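Note sheet for the following structure.
The values are calculated or read from the model by the stated rules, or taken from the named source; none is laboratory data. Just so it is clear, the structure is predicted and the values come from calculations on it, not from any experiment. Glycine also receives a Cβ, built like all others from the backbone with ideal geometry; neighbour counts cover every protein chain displayed. Areas reflect the complete protein model, heavy atoms only, side chains present, ligands, DNA and RNA absent. Shrake-Rupley method; radii C 1.70, N 1.55, O 1.52, S 1.80 Å.
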Amino acid sequence: LFGVLAYQELPIALMPPLDYPTLTIQAVMEGAAPEEIEIELTKKIEERVSTVEGLISLSSASRPGLCEIKLEFRWGEDLNAAVQRVLERIDRIELPKGADPPQVLRYDPTLEPLMVLSLTSDDTFDQLDLKQKKISELRHYAQKVLVPILQQIEGVAAVKVVGGLKEELK
C-alpha cells in the first residue's frame, strides 16, 4: 500500500536537473583567420588549461574570428571550483591586440531547443532571382504566421526564426 502511494506521488521531470561536467571557453578576435586564431589564441589557452585538476578531455575548434575549447571533467567534479581554476589559468595569458577576454561557459541542456522545424517549398526554379524570392517568402511566412501561432501554445517559452533571406531595401 505504501509503495503504491509513494509511486503516485513520485514527481516526473522532462529534464531532470543534471550538471554536465563540461565547460566551454570562447575567445573572439575579430577579423582573424582560423590559422591566426589557432596560433594566437587556441594553442595558448590549451597549454594553460590542459593541466587543470579533474580534466578528462580537451577539444578545440578554430574558426574565423573565434576559438572554442571544450573541457570535459569527471562526473561529480565541483564545476564551480573548476570554473575558478580555469579562470585563474586564463587570466595569466597574454592576449594579442584585438582579442577579447575569453569567456568560460557552462553547458546547460535546458537551453537547447526541444523542437526544430524546417520549411521547404515544392516549387523549383531555374533562375536564381525566383529561388531567392521564394526563400524570402518562406521566412516572411514563418515570422508573420507560424511564430504567432506557436507562441500561443501553452508551455512554449520562445520561438526563433533562423535562416532564409531577410528582406533588404536598397
Tell me, what is the FRET efficiency for residue 35 and residue 83 to the nearest 0.05, using R0 = 45 angstrom and their Cβ-Cβ distance as r? 0.95
Order 117, 87, most accessible first, counting only protein heavy atoms with a 1.4 angstrom probe. 117, 87
Ordering 42-48, 140-146 by per-residue average of other C-beta atoms within 10 angstrom, highest first, gives 42-48, 140-146
Whole-number D in µm²/s for region 26-95 (Stokes-Einstein; Kirkwood sum over Cα pairs; 10 °C, 1.306 mPa s): 127 µm²/s
Of the peptides 25-33, 65-73, how do they stack up when ordered by the mean number of other Cβ atoms within 10 Å, highest first? 65-73, 25-33
So how much accessible area does residue 78 have, in Å² to the nearest 10, using a 1.4 Å probe? 90 Å²
Which entries of 134/160; 43/160; 97/160 show an alpha-carbon separation above 31 angstrom in the structure shown? 43/160; 97/160
